[in-house]
């Protein structure tokens, strides 16, 4: 880990220790709230804060899933842009488990509030409607190839089984994204996830 990354990690760990008793929405850095509010995307600061927390869980899900399947990425961010709420940049070498990384954002959002679709019928009804998610749904379906061969339900359940035990890691990475006003490099994300 580079010295600059060590400093970022130390700062995040200190901030998270200080804010340990606060919920996710209470620790959102003002930079992320203002970014979403100032562009006119949300009617108020509270809505921008809520959306930022949800985005942090989403992106943390992608990042932790990448770590879990042995894929590398350059950084994770919840920077709000014209076409994206956040991003895990440069994911590579995901292999035949790439679909887990693609599903991880939605799975993490559901893990945030424990709103998993437990019944297969409910999941079967939801999956076809999953489309406009920054390309995640399209990449998920494209990556099913060898292992699940078009079985979206089976691949989704596999992703849930893999990610649910990692909920605390996802939460910690999401909280790190919320308190730090810039992107997080791969090594910092890995260290935060390993700390759980």
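Read-outs: derived from the displayed coordinates by stated rules, not from any lab. Remember, it's a predicted structure, so these values are computed and weren't measured experimentally. Methodologically, a virtual Cβ is constructed for each residue, glycine included, from the backbone with ideal geometry; neighbour enumeration extends over all protein chains shown.
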Could you calculate the FRET efficiency of residue 182 with residue 133 from 1/(1 + (r/R0)^6), where r is the beta carbon distance between them and R0 is 35 Å, rounded to 0.05? 0.90
Angle check, please: helix 167-179 long axis (alpha carbons) against the longest principal axis of the chain (alpha carbons), in degrees 0 to 90, nearest 10. 40 degrees
For the chain, what relative contact order do you get, as a whole percent, if you take Cα pairs closer than 8 Å and at least 6 residues apart? 30 percent
Suppose the chain between residue 117 and residue 14 were pulled fully straight at 0.36 nm per residue; how much longer would it get relative to their current alpha carbon spacing? 33.5 nm
Using helices alone, I'd like the mean residue ellipticity at 222 nm for the chain: each DSSP H run of four-plus residues gives -39500 (n - 2.57), total over residue count, nearest 500. -18500 deg cm²/dmol
In units of 2.2 N^0.38 Å, the Cα radius of gyration of the range 102-192 is 1.18
If one takes the longest principal axis of the Cα atoms in the chain, at what angle in degrees, from 0 to 90 and to the nearest 10, does the Cα axis of helix 3-18 lie? 90 degrees
Give me the three principal axis extents of the chain from the C-alpha atoms, as integers in angstrom, largest value leading. 44, 40, 30
Take every Cα pair under 8 Å in the range 20-136 that's 6+ residues apart, average their separations, divide by the length, and report that relative contact order as a whole percent. 22 percent
Measure nothing but the geometry: give the 0 to 90° angle between the long axis through the Cα atoms of 45-69 and the longest principal axis through the Cα atoms of the chain, rounded to 10°. 60 degrees
At 0.36 nm per residue, and after removing the present C-alpha to C-alpha distance, how many nm does the segment from residue 2 to residue 89 gain when stretched out fully? 29.5 nm
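Could the peptides 114-122, 126-134 be put in order, highest first, of the mean number of other beta-carbon atoms found within 10 Å of their residues?
Answer by packing, highest mean first, reads 126-134, 114-122.
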